[in-house]
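One structure coming up, written as structure tokens, with questions to follow.
The values are calculated or read from the model by the stated rules, or taken from the named source; none is laboratory data. Owing to the predicted nature of the structure, the values given are computational and were not obtained by experimental measurement. Methodologically, a virtual Cβ is constructed for each residue, glycine included, from the backbone with ideal geometry; neighbour enumeration extends over all protein chains shown. The area values use the complete protein model at the heavy-atom level, side chains included, leaving out ligands, DNA and RNA. Shrake-Rupley method; radii C 1.70, N 1.55, O 1.52, S 1.80 Å.
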Amino acid sequence: AVRGDVYAFVGAKGGVGTTTVAVNVASALAKKGGSESALVIDLNTVCGDAAVFLGLEPRFSVSDALANVQRLDGTYFGGLVVRSKFGLDLLGASGRMVVTSFDAGRMRTLLEFVSVHYRYTVLDVPRSDAAALDALEGATKIVLVVNQELACVRNASRMASTLRARYGQARLGLVLSR
């Protein structure tokens with residue numbers, strides 16, 4: 001099976017626009033690729049906003065998918081995602097605050113599954129979740145979102161060198177938001 005591209009967006013600091021960038025990139029990829037070509041996964045378990053940006057209220061979340069990775073097939077997964085008016089599928093964050101961390105093995109299984117079923121997958125990754133960051137090995141491209149605040153630039157420098165050492169320079173990109 002042909003594997004689709006997985007783009008992971010990580011903010012160097014909270015409030016830099018990571019979700020905005022991720023949702024807009026995913027929407028553009030959905031337009032480019034046609035129906036059932038793009039998926040956005042909101043990995044922000046505490047305050048995920050991708051659903052709000054898309055005007056959706058998902059019944060299920062990424063936590064449901066991760067708890068049931070052994071059951072993943074097209075039909076089951078189709079019941080977990082919700083389609084936006086832009087033709088983009090969303091696997092949203094939990095509607096309630098969940099402070100547990102993701103299991104990296106389950107996350108890898110989920111990403112392998114979606115990369116076979118979608119041409120493009122966009123991840124909105126919280127910078128504070130080590131397991132979510134561990135799962136980035138399955139990402140085609142890791143994009144660090146930064147702004148011009150001094151604290152953000154400092155965090156971005158640290159994160160970029162960690163991500164570069166772990167995943168290689170070629171997979172790391174940078175977006176400067178204002």
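List, in order, the whole-Hz ³J(HN,Hα) value for each residue of the range 77-91 obtained from phi through the Karplus relation with A = 6.51, B = -1.76, C = 1.60 and θ = phi - 60°; use x for Gly and Pro.
Working through the residues one at a time gives 5, x, x, 8, 8, 10, 8, 8, 5, 8, x, 9, 8, 10, 10 Hz.
Using the alpha-carbon atoms, what tilt in degrees (0 to 90, nearest 10) does helix 18-33 show relative to the longest principal axis of the chain?
50 degrees
Given T75, I41, V25, which one lies farthest toward the positive end of the charge dipole of the range 1-82, if we put +1 on the Cβ of every Lys and Arg and -1 on the Cβ of every Asp and Glu?
The one lying farthest along the dipole's positive direction is V25.
If you don't mind, there's one more thing I want to ask. Less than 15 Å apart at the alpha-carbon level, and either on another chain or at least 8 residues along: which aspartates and glutamates does that give for K31?
By straight Cα distance, K31 reaches D89.
With a 1.4 Å probe and all protein chains in place, put K85, K32, K13 in order of accessible area, largest first.
Sorted by accessible area, descending: K85, K32, K13.
Which of S84, S94, S27 ends up with the largest GNM mean-square fluctuation for the chain, with Cα atoms connected below 10 Å?
Greatest mean-square fluctuation among the candidates belongs to S84.
Give me the percent relative contact order of the chain, please, defined on Cα pairs under 8 angstrom at least 6 residues apart.
Averaging sequence separation for qualifying contacts and normalising by length gives 35 percent for the chain.
Please check: in the Gaussian network model of the chain (C-alpha springs, under 10 Å), which one of T20, T109, T75 has the largest mean-square fluctuation.
T75
Further question on the same structure: Could you name the lysines whose alpha carbon sits less than 27 Å from that of K13, not counting residues in the same chain fewer than 8 places away?
K141
Sort the following peptides by mean Cβ neighbour count (other Cβ atoms within 10 Å, averaged over residues), highest first: 145-157, 115-127, 166-178.
115-127, 145-157, 166-178
How large is the accessible surface per residue of the chain, computed with a 1.4 Å probe and reported in Å² as a whole number? The partial results should precede the final answer.
Numbers: 8810 Å² over 178 residues.
I get 50 Å² per residue for this part.
Please identify, among L43, L90, L72, the residue showing maximal mean-square fluctuation in a Gaussian network model of the chain using a 10 angstrom Cα cutoff.
L72
Relative contact order for the range 23-109: what percent, with Cα pairs under 8 Å and sequence separation of 6 or more? Provide the component values of the computation, followed by the final result.
On the way: 131 pairs, mean separation 34.5, N = 87.
Here the relative contact order equals 40 percent.
Within the chain, what whole-number % of the accessible surface is contributed by carbon and sulfur, with the 1.4 Å probe and all protein chains included in the calculation?
Of the solvent-accessible surface of the chain, carbon and sulfur hold 52 percent.
Please report, in debye to the nearest 20, how large the charge dipole of the chain is about its Cα centre when each Lys and Arg carries +1 at its beta carbon and each Asp and Glu carries -1 there.
Here the size comes out at about 460 debye.
Right, next: What fraction of the DSSP beta bridges in the chain is antiparallel, stated in percent and rounded to the nearest 5?
If I count the DSSP bridges inside the chain, around 10 percent turn out antiparallel.
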